[in-house]
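The values are calculated or read from the model by the stated rules, or taken from the named source; none is laboratory data. It should be emphasised that the depicted structure is a prediction, and the values quoted were computed from it without experimental measurement. Quick reminder, even Gly has a Cβ in these numbers, built from the backbone with ideal geometry, and neighbours come from all protein chains shown.
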Amino acid sequence: MTTVPPLHALHALGQSVWFDFIRRDLLQSGALAQMVERDRLMGVTSNPAIFEKAISSGAEYKADLTAMKELCARDPKRAYENLAVADIKLACDQLAPVFASTKGRDGYVSLEVSPKLARDTAGTLAEARRLWKEVGRPNLMIKVPATPEGVPAIRELISEGMNINVTLLFSVNAYIAVANAYMTGLEALRARGGDVTKVASVASFFVSRVDSAIDPELDKLAANPALAATAAALRGRLAIANAKRAYQAYTSLSASPRWKALAAAGARPQRLLWASTGTKDSRYSDVLYVEELIGPDTVNTVPPQTLDAFREHGKARGTLAEGLAGSQQALDQLQLVGIDLETVCGRLLDEGVKLFDVAFDKLIGAVSAHGK
């Protein structure tokens with residue numbers, strides 16, 4: 001009896017695996033193409049932190065940085081973009097066969113607008129349009145954070161026919177706002193005679209960071225004898241419960257007359273993408289945030305260590321529809337012990353923007369250093 005590789009089994013269950021990593025040697029060595037063949041890898045995501053690590057430590061960038069010495073000194077952001085755009089173009093080209101074979105469902109590569117623009121709608125629009133034009137690939141996704149200022153930009157960019165990866169989603173309410181922005185953008189595109197069948201989007205819902213934020217609060221509550229048992233039982237459960245609630249919202253929106261009208265016109269669903277799926281607490285399984293969030297019409301973007309771990313010992317079955325009553329109970333109990341999930345999610349959004357901002361500053365600093 002032939003055993004189906006775990007990553008292939010995810011594909012069979014309707015979930016696409018994307019790689020949360022990019023670096024030039026991955027592209028030049030043929031490793032990305034090998035992963036597409038071996039692991040059914042279907043896409044690539046990037047962010048400022050990933051590019052910072054790649055460019056700061058990757059020897060393969062040194063020649064280009066040396067050649068751009070003057071630009072590195074004068075405009076390090078432009079020099080960085082030259083490197084990033086070259087990598088993204090190459091990745092898009094290598095994933096073009098996936099894009100073609102899946103008829104535009106997968107095969108995407110994401111490039112994020114500067115985190116400096118997270119609170120700037122007009123700035124986000126201008127940079128997204130510029131990067132979209134510079135890369136010039138149909139399987140590019142522009143990444144825009146789900147800040148209050150980002151949501152109107154997302155709506156407008158969708159209406160212009162761009163593919164958008166909405167990032168830094170933590171709250172189910174924020175996800176619903178983004179899903180509505182996607183539909184509004186498609187409706188505007190259709191009204192002006194655009195082709196809604198050519199637009200793709202994912203809503204990147206962050207997972208492990210929710211447990212990382214809530215678990216320490218639960219640990220504090222465990223000092224109270226009256227709350228100790230409940231706090232212990234909730235530990236490590238809220239991130240998955242929150243994600244499952246987001247998926248329930250997705251299924252409800254998919255059944256709405258509004259979405260059905262768009263689907264009838266050929267619009268693609270805005271799939272939920274599980275992000276931040278590397279386990280950060282060694283007490284939990286290293287594949288926890290993959291195994292517990294498997295279901296149709298979803299994407300899981302995994303970092304290298306998590307991809308390796310799931311390839312080696314992951315178990316795939318449809319889990320997104322399991323334990324929904326227990327997940328809701330966990331969310332209710334969290335509220336009862338005095339932790340407001342919406343407040344936590346708002347804090348995580350602010351922290352996420354700041355973390356990418358810091359990574360971007362380090363990245364620009366590293367590029368600037370080559371101009372000296």
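Listed values, structure above:
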| item | result |
| --- | --- |
| Answer from 316, 309 - the residue that is assigned to a loop (DSSP other than H, G, I, E, B), more than 16 Å from the chain's Cα centre (by Cα) and hydrophobic (A, V, I, L, M, F, W, C) | 316 |
| Qualifying position, being in contact with a Gly (Cβ under 8 Å, 6 or more places away or on another chain), in a helix (DSSP H, G or I) and modelled with pLDDT of 95 or more, among 131, 189, 218 | 189 |
| Extreme residue, surrounded by the most Cβ atoms within 10 Å (Cβ to Cβ), among residues of segment 4-18 that are touching a Gly at 6+ places or on another chain (Cβ under 9 Å) and in a helix (DSSP H, G or I) | 10 |
| Test: residue in segment 104-116 that is within 22 Å of residue 348 (Cβ to Cβ) and assigned to a loop (DSSP other than H, G, I, E, B) | yes |
| Failed item, numbered, when residue 141 is tested on (1) surrounded by fewer than 17 Cβ atoms within 10 Å (Cβ to Cβ); (2) within 28 Å of residue 188 (Cα to Cα) | (1) |
| Any hit, segment 272-289, residues being hydrophobic (A, V, I, L, M, F, W, C), more than 19 Å from the chain's Cα centre (by Cα) and modelled with pLDDT of 95 or more | no |
